[in-house]
Amino acid sequence: MANPGAPLSIKYLDTATAYDLWSSVYDTDSNFLQALDSLEMISLLPRLTFLIASPKPWKLVDLGCGTGRNTVHLVTLPDVEVVGLDLSPKMLEVARGRLEAAAPGGGFSLRVFDVSKPGGEVPRGADAVVSTLVLEHIALGVYFEAAAGMLKDGGLLLVTNMHSEMGRISQAGFIDPHTGEKIRPKSYAHSVEEVVAEAGKNGFEVVEGFCERGITEENWQSFGPRAEKWVGVKVWYGGILRKI
């Protein structure tokens with residue numbers, strides 16, 4: 001079983017503030033869970049687009065787009081309108097630069113959006129919503145209610161998350177390069193069973209998955225040295241849901 005240990009100093013911040021700070025190193029701090037998620041998205045994203053039943057052009061939403069790690073793949077698809085949402089303005093600044101380089105002709109919009117706060121402007125009529133490593137920071141009922149409101153009937157939701165087995169031991173966070181402190185935002189350890197049950201309450205059915213992934217003696221080196229201490233632990237799950 002993993003024994004992650006603890007840094008000398010941990011600072012707990014609200015999620016927006018934590019991710020604003022994280023934005024400067026988010027893509028370079030060797031986060032193995034991001035690496036695993038990106039690997040899984042190589043097969044999940046094409047599967048999502050295959051399953052979209054509505055005709056093009058499609059409206060695609062990246063809910064919690066961060067630095068645009070997945071959004072950049074969406075904007076290169078033909079005949080799509082892409083909306084990237086994130087509660088961190090600093091993460092969106094990084095995403096904008098990445099997307100402008102990948103799609104200089106546009107076809108995307110980015111906006112600050114906090115799914116946990118009612119009253120914000122919500123994109124409607126989406127054919128699909130992509131949301132990766134976001135659910136950890138949001139109460140399940142709030143999350144699925146918001147996602148359902150964005151999607152048209154029959155629309156698809158691709159969701160991935162930190163596995164609750166890992167979440168019961170640790171949570172998302174990073175070392176602030178300026179202070180050396182471990183920064184942690186608010187987090188929940190949502191299990192697969194809880195996610196599926198809450199999704200059902202909000203009008204979703206499971207179409208693909210949920211697949212669960214762990215770190216093993218055979219694969220940890222593929223994700224960098226930070227993965228070794230998680231050998232034997234399930235760290236990730238993901239799947240595709242449909243709004244009924």
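The values are calculated or read from the model by the stated rules, or taken from the named source; none is laboratory data. This is a predicted model, so every value here is computed, not measured. Cβ sites come from the backbone with ideal geometry, for glycine too, and all protein chains shown count toward neighbours.
Residues in segment 118-133 that are surrounded by 14 or more Cβ atoms within 10 Å (Cβ to Cβ) and either touching a Ser or Thr at 6+ places or on another chain (Cβ under 6 Å) or at pLDDT 95 or above (or both): how many?
Matching residues across segment 118-133 total 8.
Is it fair to say V115 is in contact with a Pro (Cβ under 7 Å, 6 or more places away or on another chain) and either surrounded by 18 or more Cβ atoms within 10 Å (Cβ to Cβ) or assigned to a strand (DSSP E or B) (or both)?
no
Mind telling me which of the residues S191, S164, S170 ends up being surrounded by 18 or more Cβ atoms within 10 Å (Cβ to Cβ), at pLDDT 95 or above and among the hydroxyl-bearing types (S, T, Y)?
Numbers: S191 fails: surrounded by 18 or more Cβ atoms within 10 Å (Cβ to Cβ); S170 fails: at pLDDT 95 or above.
On inspection, the qualifying residue turns out to be S164.
Just one of (1) farther than 30 Å from A53 by Cα; (2) in a helix (DSSP H, G or I); (3) not basic (K, R) trips up G180, so point out which.
Unmet condition: (2).
Scan G141, G203 and give me the residue that is modelled with pLDDT of 95 or more, more than 16 Å from the chain's Cα centre (by Cα) and within 23 Å of L45 (Cα to Cα).
G203 is the lone residue from the list that is modelled with pLDDT of 95 or more, more than 16 Å from the chain's Cα centre (by Cα) and within 23 Å of L45 (Cα to Cα).
Regarding segment 44-57, can at least one residue be identified that is within 20 Å of the chain's Cα centre (by Cα) and crowded, with 20+ Cβ neighbours inside 10 Å?
Yes; the residues of segment 44-57 include at least one that is within 20 Å of the chain's Cα centre (by Cα) and crowded, with 20+ Cβ neighbours inside 10 Å.
Regarding P123, is this residue under 21 Å from T71 (Cβ atoms) and either in contact with a strand residue (DSSP E or B) (Cβ under 8 Å, 6 or more places away or on another chain) or among the hydroxyl-bearing types (S, T, Y) (or both)? Outline the logic, then answer.
Working: under 21 Å from T71 (Cβ atoms): yes; either in contact with a strand residue (DSSP E or B) (Cβ under 8 Å, 6 or more places away or on another chain) or among the hydroxyl-bearing types (S, T, Y) (or both): yes.
Spelling it out, P123 is indeed under 21 Å from T71 (Cβ atoms) and either in contact with a strand residue (DSSP E or B) (Cβ under 8 Å, 6 or more places away or on another chain) or among the hydroxyl-bearing types (S, T, Y) (or both).
For S9, all conditions in the list (1) touching a Gly at 6+ places or on another chain (Cβ under 8 Å); (2) at pLDDT 95 or above hold save one; what is the number of the exception?
(2)
For segment 210-244, which residues satisfy the criterion of being outside any helix (DSSP H, G or I), of a type in the set (S, T, Y) and over 20 Å from the mean Cα position of the chain (by Cα)?
Across segment 210-244, the qualifying residue is only T216.
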